[in-house]
Amino acid sequence: MKLAILAAVMVAGVVVAATVDIPDSTTIRDSVSAAGVPGVLAFMLILAALTLTPFPMSVLTVAGGLMFGLVPGALIVIVAATFGAWAGYWLARSLGRASFAQISWSRIVALNAVLERRGMSSMMVVRLIPVFPFGLVNYAAGLSSVRQRDYLVGTAIGIVPGAIAYSAVGAYGTSPLSWPFVAAIAAVVVIGGGSAVLARRLGVTGSIRGNQTPV
């Protein structure tokens, strides 16, 4: 369902980019470059803060690619998202389970079962799967017995494919008929489908469904 919504948003974006007179990527990046290092740091802080909320990471990653380009945008997103994930992990550990009793508790319990069973490998897979909100995974990991090292390494590795693909969507999004943009969209689809297959083979999605309780 979320993949379908994301696909609809992307199609709408292509239509808008093709029919509305918007600045090209060079103009946008020149404006961003004028802000210098403070502008980059501000974006990173905003992104890190939003990882603690339900705000979709894919939107932020596309924005990073649009503003900074493919490689710089992906690197900035990976660093900022990992920092935000670390903050969410420790926020959950500090506040404890009682503070999250009303926040998708059944999904947190289910995620806990998966993360505690496979540790770093599950962390990487869960970060790849677009059906799990980024912030929810942060809190679930913080409430589990997953070690900080496994959590951070799994997160940093798991978000790389998505960071590159979505940054490419943003980087080439002002030219929706170009081959790089088409390739970026194809990469997003492949990552989404591939991660879902991998999750089923590892028993991640089955564990989530099996451990969920009615709400």
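With respect to the stated conditions, Ala184 fails to be part of a helix (DSSP H, G or I) and modelled with pLDDT under 85.
Just so you know, in the stretch 33-70 the residues that are assigned to a loop (DSSP other than H, G, I, E, B) and of a type in the set (Val, Ile, Thr) include one that is surrounded by the most Cβ atoms within 10 Å (Cβ to Cβ), and it is Thr51. Under the condition of being more than 27 Å from Gly162 (Cα to Cα), at pLDDT 70 or above and not hydroxyl-bearing (Ser, Thr, Tyr), the residues counted in the stretch 82-106 number 2.
Residues that are among the aromatic types (Phe, Trp, Tyr) and in a helix (DSSP H, G or I) were ranked within the stretch 127-169; the one that is surrounded by the most Cβ atoms within 10 Å (Cβ to Cβ) is Tyr166.
The rows are residues; the columns are (1) touching a residue at least 60 places away in the same chain (Cβ under 8 Å); (2) polar (S, T, N, Q).
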site	(1), (2)
Gly142	no, no
Ser145	no, yes
Val153	no, no
Ile164	yes, no
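The values are calculated or read from the model by the stated rules, or taken from the named source; none is laboratory data. Everything numeric in this text was worked out from a predicted model, so none of it was measured. Note: ideal-geometry Cβ built from the backbone for every residue, glycine included; neighbour counts use all protein chains shown.
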